[in-house]
């Protein structure tokens, strides 16, 4: 009901008739496009670097350090326990312009810090989806089979393991995308022009546009979830098992 | 020098010694099976040859080159796993081509070799299938082709037939042996199935608790088991407890009968216990049966198995089982009946502990 109410309200910008005026206002707003584009780019970097961190970690833990699995799982769950505001204040103390690693001293540095923050926030979802995908294949035997055929680590990881956990990687990527697109705390406190702070700004100053933005934000989330379902349902490869 | 030499191999995981001083030499083109129960160390030896495990002590030499310190990817060894281990994201052709691509072979050479390998396993028509679209037997044949494609110097087979049903197992083991003979590749086969090992091997290594109890041809292993373990693990040999009468004359007492053995008794003293093995097919109850030795036995049970009748007897306190061909005219021995068992004294074997 609240969603239907929001949708209905977003269509009532023109007096006495339903219209898409609120949506056209939003889409024609240059700030919408720039913040949306910025967040999209941040999401892309988060997914790429996050997966480069998570896939080899999950692989290594499964293959060589199974006893460390509970520890790694606990670490990846930390962002759910520690509020984002605490994490970002920690970052600001550690990486401010007068620290040893002054990430916040430049725009690029701050953007990098924002990507790291997003990776941290999405870790619980990314790690779990990749780890679950790895559980469906016999990582050890596949690795040994590739190794004995002469393959080295990059080949094993990117040609034998990665394609077989792609459904998990994509699931993690879509969840990460949805998180990054709506994230407010990190972007606002690091003063970056992301979509989350823009949503808040519009919400505080306009009437119909926030409703339209809320509907757009929901649509993005649903699209991500739909793609996630699609990927997991049509995963092409089944593991070869006796 | 032999092609594959394992010299005083030892392997421990923590305080547990899994392989204890294992040595053997394998000739080029030979098919050797490691046979033993679970946990006897056979797979660990295989994994050390592959380079997945490093020996705690000892050396592995292949074709004159010490393998210690070499990575798995540098050893040029082919391996077939129990769980097939085909790459699910690749087609049959891509799986077979994998080792060649990794080695950086030219495209034409890869194509030709893949075709050759698929022809060898008679699966050319399934080149574009994915592993999940194939049966277990087909997958394992692809795994064999993949292992052979890069022309490895040694082929390792880690219980490749265990996950298959009985009929496929028999046909695939014959196919493996035929391909091995055709290519003349040195092969080490790990199994816990005695029939498998006896039927396809040039030599068998019977392993027990991390050691090789006996190394020999299938015939030697079956007919002349060196230890009680080999006798009990391979086939269904009967173990009869006897008493040494005269070590110099090789005579022993089984119940009330004194029997002269062909094998030397060794260091056993007169009056001491000794274990004697007798194959189940060596004896007969028929009066006209060939045999220079007789023993009295009491029938415990008798089972009709079609071509064979398996009868259990109590012979001087030891349980002895005989397999005799079915004869429609002979009645089944009845439990409690006392019969005379005939066999050749040369069939009695002295077994070490």
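Worth a mention:
- Any hit, segment B:188-205, residues being under 19 Å from residue B:22 (Cα atoms), assigned to a strand (DSSP E or B), within 14 Å of chain A (Cβ to nearest Cβ) and touching a strand residue (DSSP E or B) at 6+ places or on another chain (Cβ under 6 Å): yes
- Criterion (at pLDDT below 85, touching a strand residue (DSSP E or B) at 6+ places or on another chain (Cβ under 8 Å) and surrounded by fewer than 19 Cβ atoms within 10 Å (Cβ to Cβ)) met by exactly one of B:291, B:272: B:291
- Evaluation of residue B:104 against (1) surrounded by fewer than 20 Cβ atoms within 10 Å (Cβ to Cβ); (2) free of Cβ contacts under 8 Å to residues at least 60 places away in the same chain; (3) more than 10 Å from chain A (Cβ to nearest Cβ) (one fails), failing number: (3)
- Per the conditions (1) under 15 Å from residue B:349 (Cα atoms); (2) in contact with a helix residue (DSSP H, G or I) (Cβ under 9 Å, 6 or more places away or on another chain), the sole criterion not satisfied by residue B:281 is (2).
- The set of residues in segment B:294-316 that are surrounded by 15 or more Cβ atoms within 10 Å (Cβ to Cβ) and either out of contact with any strand residue (DSSP E or B) (no Cβ under 9 Å at 6 or more places or on another chain) or in a loop (DSSP other than H, G, I, E, B) (or both) contains only B:316.
- Residue within segment A:53-76 that is within 14 Å of another protein chain (Cβ to nearest Cβ) and either without any contact (Cβ under 8 Å) to a residue 24 or more places away in the chain or outside any helix (DSSP H, G or I) (or both) present: yes
- Residue that is touching a strand residue (DSSP E or B) at 6+ places or on another chain (Cβ under 9 Å) and either outside the structural domain of residue B:267 (by TED's automatic domain parsing) or within 30 Å of residue A:150 (Cα to Cα) (or both), where the choices are B:179, B:215, B:168, B:243: B:215
- Residues in segment B:1-40 that are in a loop (DSSP other than H, G, I, E, B), farther than 18 Å from residue B:67 by Cβ and within 17 Å of the chain's Cα centre (by Cα): B:36, B:37, B:38, B:39, B:40.
- With respect to (1) surrounded by fewer than 22 Cβ atoms within 10 Å (Cβ to Cβ); (2) more than 9 Å from every other protein chain (Cβ to nearest Cβ), the lone exception for residue B:55 is condition (1).
- Any hit, segment B:236-247, residues being touching a residue at least 24 places away in the same chain (Cβ under 8 Å) and more than 24 Å from residue B:268 (Cβ to Cβ): yes
Each row is one residue, and each column tells you yes or no for (1) loosely packed, with under 14 Cβ neighbours inside 10 Å; (2) modelled with pLDDT under 90.
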| position | (1), (2) |
| --- | --- |
| A:55 | no, no |
| A:59 | no, no |
| A:74 | yes, no |
| A:91 | no, yes |
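- Residues that are surrounded by 20 or more Cβ atoms within 10 Å (Cβ to Cβ), within 14 Å of chain B (Cβ to nearest Cβ), in contact with a strand residue (DSSP E or B) (Cβ under 8 Å, 6 or more places away or on another chain) and more than 19 Å from residue A:42 (Cβ to Cβ) do not occur anywhere in segment A:120-137.
- Exclusive hit being at pLDDT below 95 and within 14 Å of chain A (Cβ to nearest Cβ), set B:68, B:63, B:76, B:95: B:76
- Residue identified as at negative phi and without any contact (Cβ under 8 Å) to a residue 40 or more places away in the chain among B:313, B:233: B:313
- Test: residue A:150 is at pLDDT 90 or above and either crowded, with 23+ Cβ neighbours inside 10 Å or under 30 Å from residue B:76 (Cβ atoms) (or both): yes
The values are calculated or read from the model by the stated rules, or taken from the named source; none is laboratory data. All of these numbers come straight from a predicted model, not from anything done at the bench. Cβ coordinates were reconstructed from backbone atoms using ideal geometry, including for glycine residues, and neighbour counts include every protein chain displayed.
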